[in-house]
Number of protein chains: 2
Amino acid sequence: MRIISWVPLLYPVGDSERPSTKNPYTKTVPRFGGIEAGGSKFGCAIGAGPEDAEFAEIPTTAPAETMARVIEFFRTREPVDAIGIASFGPIDPNPKSPAFGYITSTPKLAWRNFDFAGAVRRALGVPVAFDTDVNAAALAESRWGAARGLRSFLYVTVGTGLGGGALIDGRLLHGRQHLEMGHIRVPHDRARDPFAGNCPYHSDCLEGLAAGPAIQERWGQAGHLLPGEHPAWDLEAEYLALGIVSWTCTLSPETIVMGGGVMQREELFPKISVRVAELLNGYLEPPKILPPKLGARAGVLGAIALAGA
Amino acid sequence: MRIISWVPLLYPVGDSERPSTKNPYTKTVPRFGGIEAGGSKFGCAIGAGPEDAEFAEIPTTAPAETMARVIEFFRTREPVDAIGIASFGPIDPNPKSPAFGYITSTPKLAWRNFDFAGAVRRALGVPVAFDTDVNAAALAESRWGAARGLRSFLYVTVGTGLGGGALIDGRLLHGRQHLEMGHIRVPHDRARDPFAGNCPYHSDCLEGLAAGPAIQERWGQAGHLLPGEHPAWDLEAEYLALGIVSWTCTLSPETIVMGGGVMQREELFPKISVRVAELLNGYLEPPKILPPKLGARAGVLGAIALAGA
């Protein structure tokens, strides 16, 4: 699920700090393309990192229309050596699978069974890397952001949905398909929180109790309208801490980078850290819990990182 | 934690089916040593796989005494090319750490801060690989057992404790330290199950609700004495299914191999599979849930696999 919201940008937008393309080295330095596919916007980038990239965004409509604009963005610029795609899901990121590069069973019907990587490869004739938006964001935060240099950490986003990517032992984790960390079950004390949860599949899985829509439905107004002393935030910290305990026991990360709209409530970070330490109770060292550094651009920067940047 | 119990064996025991050491090719075929360190017994093996190995076991007493017998086992046989160690934990399996190869904060005080890999390397002069007993068992089941050929699966053991190892995308998972999958929190319906849980750190984490000692304490007698129609088994399947859902969302395994004393109750397998499918509710494909094939030898065979077999 695509969760980070884009900061609105004009299209296309050049990064004023990036080196001029008149630089004589331009043609010898590899340049990478990135596409981040979200439910409302596609982000495109060409470059080699956050300080050296051109960014653009394109509204998500029908595949033919959106993809035509994406392809046009790349065709009207100097060729790139490879393109990375960071997509909403579910997707098939397994290069050995016949459906590699496809968006699979997404509820966005127009995009279901869309051969995303194939479309880009056929149109632009360059190698294409393909992964989830959250794995790409994890990769970007490890390359240029809050998790720089770490070999084992999670990138978790709490917004319209709740999901995460993982870099463990220096590699993005996939497994059979990809991670769906938001759908774990956690203890739900109905005396404290009678809200039944609103995940359409699992009711009170973690996403159903702690993503933005659960906050809104439980309290009758959007989280960003609730004051800092509202009991919503202690409860939110409790659920996220329970999730972090499960992920920590199962993946052993050093650090968990938490982004997305809900995590813009900075007061959540200390509340969560305290509760995680209480729950682990000295048995395991608690992971550091940090905000992201790349913000809304983590996904598209992760896409160029997937391509090889 | 060391959980699989050893089938008692004479010491040392030759495998009658292994090729004679008089075979003229013996000296050119690499042979590997394996040591599995458990709380009550150490297993030793020399060979290249389940059909070609000599096994022995040694009681776990003080490090000096136990290790002298382990070293003697290897010294009195043809030299091996490398040795793998599969140890109870917590351990430090990170080759870049100064404490690599140590048993660290174990409650078995005599073994705390014991340089296990260093002791073996110094005594026998061969390369030493070092990992957890459950990761080693996972490796052995993937090489020769129930998970042969799989790239992403978990090996979970439910016995005196509850823990697991993971092979994901073809590699054993470590993270910062190693997995402690038994200590995740799961929903605990106190109306159905008033037992408070008996994990000394977390009370009602999964291990505290579902490992062998929890069954014994909740029902007043050991699990193997409870009849198949006892409500203990539906409750046990519920907790294990909740654990499997969390691990599946977080690691995306194709298969989960479940061993250990509690899982010798074969009626648990269908109960767990049904409940996992209900809990996932079509959102993710349920992993296959299978018994191990290597039984009590998974750990020591994993140790020779760690060494390179």
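Below are the figures for this structure:
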| item | result |
| --- | --- |
| Residue in region A:277-290 that is in contact with a Gly (Cβ under 9 Å, 6 or more places away or on another chain) and surrounded by fewer than 21 Cβ atoms within 10 Å (Cβ to Cβ) present | no |
| Residue match in region A:159-166 (condition: β-branched (Val, Ile, Thr) and within 11 Å of another protein chain (Cβ to nearest Cβ)) | no |
| Complete set of residues in region B:238-271 that are assigned to a helix (DSSP H, G or I) and either within 17 Å of residue B:222 (Cβ to Cβ) or within 15 Å of the chain's Cα centre (by Cα) (or both) | B:261, B:262, B:263, B:264, B:268 |
| Looking only at region B:144-155, and only at residues there that are within 11 Å of chain A (Cβ to nearest Cβ) and touching a strand residue (DSSP E or B) at 6+ places or on another chain (Cβ under 6 Å), the one that is nearest to residue B:298 (Cα to Cα) | B:154 |
| Residue in region A:163-171 that is assigned to a loop (DSSP other than H, G, I, E, B) and touching a helix residue (DSSP H, G or I) at 6+ places or on another chain (Cβ under 8 Å) present | no |
| Any hit, region A:124-133, residues being surrounded by fewer than 24 Cβ atoms within 10 Å (Cβ to Cβ), at pLDDT 95 or above and part of a helix (DSSP H, G or I) | yes |
| Tally of residues being within 7 Å of another protein chain (Cβ to nearest Cβ) and either within 12 Å of residue A:286 (Cα to Cα) or in contact with a Gly (Cβ under 8 Å, 6 or more places away or on another chain) (or both) across region A:243-257 | 8 |
| Filter result (more than 7 Å from chain A (Cβ to nearest Cβ), surrounded by 20 or more Cβ atoms within 10 Å (Cβ to Cβ) and of a type in the set (A, V, I, L, M)) within region B:168-201 | B:172 |
| For residue A:93: the one exception among (1) in a loop (DSSP other than H, G, I, E, B); (2) within 20 Å of residue B:253 (Cα to Cα); (3) in contact (Cβ under 8 Å) with a residue 12 or more places away in the chain; (4) at the interface with chain B (Cβ under 10 Å from one of its Cβ atoms) | (4) |
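Yes or no, residue by residue, for (1) away from chain A (no Cβ under 14 Å); (2) in contact with a Ser or Thr (Cβ under 6 Å, 6 or more places away or on another chain):
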{"residue": "B:260", "(1), (2)": "yes, yes"}
{"residue": "B:265", "(1), (2)": "yes, no"}
{"residue": "B:270", "(1), (2)": "yes, no"}
{"residue": "B:278", "(1), (2)": "no, no"}
{"residue": "B:284", "(1), (2)": "no, no"}
{"residue": "B:291", "(1), (2)": "yes, no"}
{"residue": "B:309", "(1), (2)": "yes, no"}
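The values are calculated or read from the model by the stated rules, or taken from the named source; none is laboratory data. Only a predicted model underlies this, so the values are computations on that prediction, with no experimental measurement involved. No Cβ is skipped: glycine too gets one built from the backbone with ideal geometry, and neighbour counts run over all protein chains shown.
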